[in-house]
Amino acid sequence: MMWRDGEVLALRRSWGEAGRRCLELDVKITAAPAGARGLLAGRACRAVAYEQLCGRPRPGERVRLEVSALDRGLGTGGHAMVAARLDVLPADPPADGHLVKVRYMPDQVMVAGADEQGAAHHGVLSLPIDGLGLDGAPVVVADLHSSLPAIVAGARAGVGDRPPRIVYVMTDGGALPLAYSRTAAALRRVGWIAGTVTAGQAWGGDLEAVSIHNALLAARRVLGAEVVVAIQGPGNLGTDTPWGFSGVACGDAVNAVAALGGRPVACLRISQADARERHRGVSHHSLTAYGRVALAAADVVVPELAGALGERVDAQARWLCGPRVVGARHRRVDVGVEGLREVLAGAERAVGVRLSTMGRGLEEDEAAFVAAAAAGRYAAAVAAGEVSSVGR
């Protein structure tokens, strides 16, 4: 960890709901340790503070900053992070809840879990296992947080006379505070998602859960989801090794959905523009997570893409949905993409968040977002009982 002291210059912007906002600040570094490199006193930078942890720092206040991600020039996570306000002790939080997340770290946060003893929904989530499940509800599983708005847009533009009720389950492979996601905040603000649940070490959702299993159940049984979307928060950790990436948890999510009697819908990570060969067509992340980690069968949504990209995706999907090394054989579902490009462009305007994956927008990597929207379109069809009108 790399520490600096700083002074708050201004509040740039904030997003999220009252009491759980993410605040982006302009700060000036005022002190660095002896022998420090790079980020020295006098430098201005952007910082993030979480209202749920430290309240709202004001201009002129001194703050302590953790700057390791900023120092390394990371994209997602490339802010200084406000660890403490040096002049102000924030008020104690409400005394309810005993779920500790980010456990045994100095910045661990105590939350009230939907599944803890004494909680309002504990009775729902403590029914006997045989009587507690997802009732066949579709759960779209995806690798990258950037897929979230496209999946939701596709689901809302799907079949039926009204959009399905959608709940987002944020897993803990990327950012842990849900407040960091401007996308989730914007989708909630315009009513495109009905609620959020944070699972595992992730925190800050409308509901908190100890495990992805209880998060999925809370989304369905407490928030009334007709379609659930399960994706890690912003940020994706990869190491250029076959198994060393945070998206490997997509396979575990498929298993969880199946164990709970839901319908796993596998959203493929597809790119036409990624400079890395291992991510062109269907990314090796999807091939590994769904093809090697998932033991249960999923509906693998294959968008009907044209040209050489479509041929490559088709070949990769035939392998993925062929005989399995382990586990049950996946079900391939081919979904048309007609009109989805226009749906996505309209979603950007309606939600006010630019579609972006690894710095590439809709114009640069249309296939990435169309594939996610196709998964949403299919999930909406499942929820409406009209699957045959979408896939083949």
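Out of all the residues in region 122-158, which are modelled with pLDDT under 95 and among the β-branched types (Val, Ile, Thr)?
Scanning region 122-158 gives Val124, Ile129.
So for region 184-191 (the condition being among the β-branched types (Val, Ile, Thr), modelled with pLDDT of 95 or more and buried (at least 22 other Cβ atoms within 10 Å of the Cβ)), does at least one residue qualify?
no
Residues checked against (1) among the small types (Gly, Ala, Ser); (2) in a loop (DSSP other than H, G, I, E, B); (3) surrounded by fewer than 16 Cβ atoms within 10 Å (Cβ to Cβ); (4) in contact with a Cys (Cβ under 7 Å, 6 or more places away or on another chain):
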| residue | (1), (2), (3), (4) |
| --- | --- |
| Val265 | no, no, no, no |
| Ala275 | yes, yes, yes, no |
| Leu287 | no, no, no, no |
| Gly291 | yes, no, no, no |
| Ala297 | yes, yes, no, no |
| Val302 | no, no, no, no |
| Leu305 | no, yes, no, no |
| Gly322 | yes, yes, yes, no |
| Val325 | no, yes, yes, no |
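Do any strands (runs of 3 or more DSSP E) lying entirely in region 162-256 carry at least 2 residues that are among the charged types (D, E, K, R) and not assigned by TED's automatic domain parsing to the domain that holds Arg292, and which ones are they?
none
Which number in (1) closer than 19 Å to Ala175 by Cβ; (2) surrounded by fewer than 17 Cβ atoms within 10 Å (Cβ to Cβ) marks the one condition that Ala69 misses?
Every condition holds for Ala69 apart from (2).
Conditions (1) of a type outside the set (A, V, I, L, M, F, W, C); (2) under 23 Å from the mean Cα position of the chain (by Cα); (3) in the same structural domain as Glu366 (by TED's automatic domain parsing); (4) outside any loop (DSSP other than H, G, I, E, B), marked per residue:
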site	(1), (2), (3), (4)
Leu309	no, no, yes, yes
Arg318	yes, no, yes, yes
Ala328	no, no, yes, no
Glu338	yes, no, yes, no
Leu344	no, yes, yes, yes
Arg349	yes, yes, yes, yes
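If a residue counts only when it is modelled with pLDDT of 95 or more and among the acidic types (Asp, Glu), which strands (runs of 3 or more DSSP E) contained entirely in region 1-65 have at least 2 such residues?
3-15, 22-31
Considering only region 105-149, state which residues are more than 14 Å from Ala218 (Cα to Cα), part of a helix (DSSP H, G or I) and touching a strand residue (DSSP E or B) at 6+ places or on another chain (Cβ under 9 Å).
Those that are more than 14 Å from Ala218 (Cα to Cα), part of a helix (DSSP H, G or I) and touching a strand residue (DSSP E or B) at 6+ places or on another chain (Cβ under 9 Å): His145, Ser146, Ser147, Leu148.
State whether the residues of region 70-78 include one that is hydroxyl-bearing (Ser, Thr, Tyr) and part of a loop (DSSP other than H, G, I, E, B).
Checked region 70-78: at least one residue is hydroxyl-bearing (Ser, Thr, Tyr) and part of a loop (DSSP other than H, G, I, E, B).
Looking at (1) closer than 30 Å to Ala259 by Cα; (2) among the basic types (Lys, Arg); (3) in contact with a Pro (Cβ under 6 Å, 6 or more places away or on another chain), can you tell me which one Lys101 breaks?
Failed condition: (3).
Among the residues of region 90-126, count how many are aliphatic (A, V, I, L, M) and in contact (Cβ under 8 Å) with a residue 40 or more places away in the chain.
8
The values are calculated or read from the model by the stated rules, or taken from the named source; none is laboratory data. Owing to the predicted nature of the structure, the values given are computational and were not obtained by experimental measurement. Cβ atoms come from the backbone with ideal geometry, glycine included; neighbour counts cover every protein chain shown.
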